[in-house]
Amino acid sequence: MVVHPLAARVVGQASRRGLIPRVPTGDRLLADVETWLTTNHPDLVRSTQRSTPAEGDARLDVSLHPAAPALVLTASETGRVGAEADTVAVGPGYHRLVGRILERMEMDLAVSWGRVDPDRPDEPDQAAAVTFADRAATERAYLGWLGRTLVGARAVRAAGGAGVQVGTPDGVRFTFDGAIATALGPRDDAWLERAVADTRVAIDITPWWADATDAQSMLNRALCLMWFEVRWRPPALKPEGLVLDEVHRLLSRAFPLDPALSYPWRAWAEVVGLRSISDPMARQVVARAMRESTDGVEIGYRRAPVTISHEGWALTIPGSFAEKRTTEEWWGGGAGRAITLAAVPTGTAAGAMAAQSFIDQFAGNMGPDAIDHRAGGVMGRAMLSSDASSGVEVGVLEGYSAVVGSGAAIRIVFDDPADWQWAIDMWRSLAPG
């Protein structure tokens, strides 16, 4: 077991069970874990996703907080169980919550977490027998990490660099004014100077500080959703509507527990309106919002363009775009426009594939009307066409871009014929990043 105050990686063994005692299969074990989590922690588990590859261990991804990567659980056919969680972005309270979940899993699901290092699972290691119980050690480690991170951000700013993202999700860069972007909103250079001088000042950017699911943690959880995930338009996909519901539910639970906290009344009222919520709390929110000042920063990074990255390629899109992501493809769209992006590393027996070779192989037959593109080390080729297979004719750009060792394919669909230049500009903006 390796439990660092900022992360956890543990391995264990499932016990035999049933009338005829036997170790459950990996898929069966994770199905039981999934049921146990959603039953015992319904207010914490945002989503779960199970996968069973043809080869290798079964896997369960559990989303517990909008500012944290998923808790990943794996299980083999022999009952070996692994758990991995990166907790640093959310704070000490979240780290210790993950610990309590794993410790309860040991008791309730008969999974014995071994006192071993996951990198050497067959070697007993008593020094690795660390628990989540030491709040002081967790707090010191977190504040140490935060202090070093803020010092690094200040150095970037002093050198004339752009704003730095701290504790934000992987795969997306936000557009913001200020020195740093955090899960609870941007902070300016003056705040950064104060926080570097006294790391405890920086606690107000920590989504989950206390060892409790209290009003502040619920308010902060809702703020993370508002800054990271809300698109600030009527929901186009079911998950977007569920995010709005989650924001309202969290804030509605937090307010009676501590009405004195600083609630985002105007943004909350906007969520209520986008989702057409009409319960008593929603009516109170709208009334309070009307009395609030319109000064200050509007909550929500996705009110501005964002830059997504997929397999080493970056693309700047409207923040309001809906998104779906798999290991193979990224998709984004909205308002009569949609983009699908895929990318792969490229190579030959002789080494990394040249950009021109990738373009020749995948876009060599586009014909004389193909559009070529060169910018820095990026080479590209694309073709505009139309597609009426759905019964409604739409414009389509099929494009490819490449650098040495990596290639990307992009498909852009647009309803308005006048958007052809937007589609070309979007393809041309695709670059490594």
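Every number here is computed from the coordinates shown, using simple stated rules; none is lab data. This is a predicted model, so every value here is computed, not measured. With ideal geometry, Cβ positions are generated from the backbone for all residues, glycine too; neighbour counts draw on all protein chains shown.
If each residue's Cβ is checked for other Cβ atoms within 10 Å, how do ARG231, ARG253, ARG22 rank with the fewest at the top?
By the 10 Å Cβ count, ascending: ARG22, ARG253, ARG231.
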- request: Arrange the following residues from fewest to most other Cβ atoms within 10 Å of their Cβ: TRP113, TRP232, TRP208.
  value: TRP232, TRP113, TRP208
- prompt: Put +1 on the Cβ of every Lys and Arg and -1 on every Asp and Glu Cβ in the chain; which of LEU341, LEU143, THR52 then has its Cα farthest towards the positive end of the dipole?
  reply: LEU143
- prompt: Taking neighbour Cβ counts within 10 Å as the exposure measure, how do MET281, MET218 sort from fewest upward?
  reply: MET281, MET218
Förster-model FRET efficiency, 51 Å R0, TRP145 and VAL392, C-beta, rounded to 0.05: 0.45
- request: Indicate the gyration tensor shape class of the stretch 331-370 (rounded, prolate or oblate), computed on the Cα atoms with a ≥ b ≥ c the square roots of the eigenvalues: a/c under 1.5 is rounded; otherwise a/b larger than b/c is prolate and the rest oblate.
  value: oblate
- line: In debye to the nearest 20, the charge dipole size for the chain, taken about the Cα centre with +1 at each Lys and Arg Cβ and -1 at each Asp and Glu Cβ, equals 800
- prompt: Rounded, prolate or oblate: which fits the chain, taking a ≥ b ≥ c as square roots of the Cα gyration tensor eigenvalues, rounded meaning a/c under 1.5, else prolate when a/b beats b/c?
  reply: oblate
- prompt: Each residue of the stretch 250-266 in order: what ³J(HN,Hα) in whole Hz does its phi give by Karplus 6.51 cos²θ - 1.76 cosθ + 1.60, θ = phi - 60°, with x for Gly and Pro?
  reply: 5, 5, 5, 6, 6, 4, x, 6, 7, x, 7, 5, 8, 8, x, 4, 5
Ordering of 400-406, 100-106 by packing [mean C-beta count within 10 Å, highest first]: 400-406, 100-106
Modelled FRET efficiency - R0 25 Å, ALA210 with GLU292, Cβ distances, 0.05 increments: 0.40
- prompt: Alpha carbon centre of the stretch 312-330 versus the stretch 147-225: separation in Å?
  reply: 24
field: Relative contact order computed over the stretch 353-433 (Cα-Cα under 8 Å; 6+ residues apart), in percent
entry: 27
query: For the chain, what does -39500 (n - 2.57) per DSSP helix run (n ≥ 4), summed and divided by total residues, give at 222 nm, in deg cm²/dmol to the nearest 500?
result: -10500 deg cm²/dmol
query: If each of SER63 and ALA197 carries a label point 7 Å out from its Cα toward its Cβ, how far apart are those two points in nm?
result: 4.0
message: Give me the extension gain from LEU237 to GLN356: residue separation times 0.36 nm, minus the current Cα-Cα distance, reported in nm with one decimal.
response: 39.0 nm
- prompt: Amide H neighbours of TRP313 under 5 Å, counting only residues 5+ apart in sequence or on other chains, H built in-plane at 1.01 Å?
  reply: GLY433
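On full extension of the chain, what length is gained from TRP36 through GLU311, given 0.36 nm per residue of separation minus the C-alpha to C-alpha distance?
95.6 nm
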field: Listed residue (MET281, VAL392, THR74) projecting farthest to the positive dipole end of the chain, Cβ model
entry: MET281
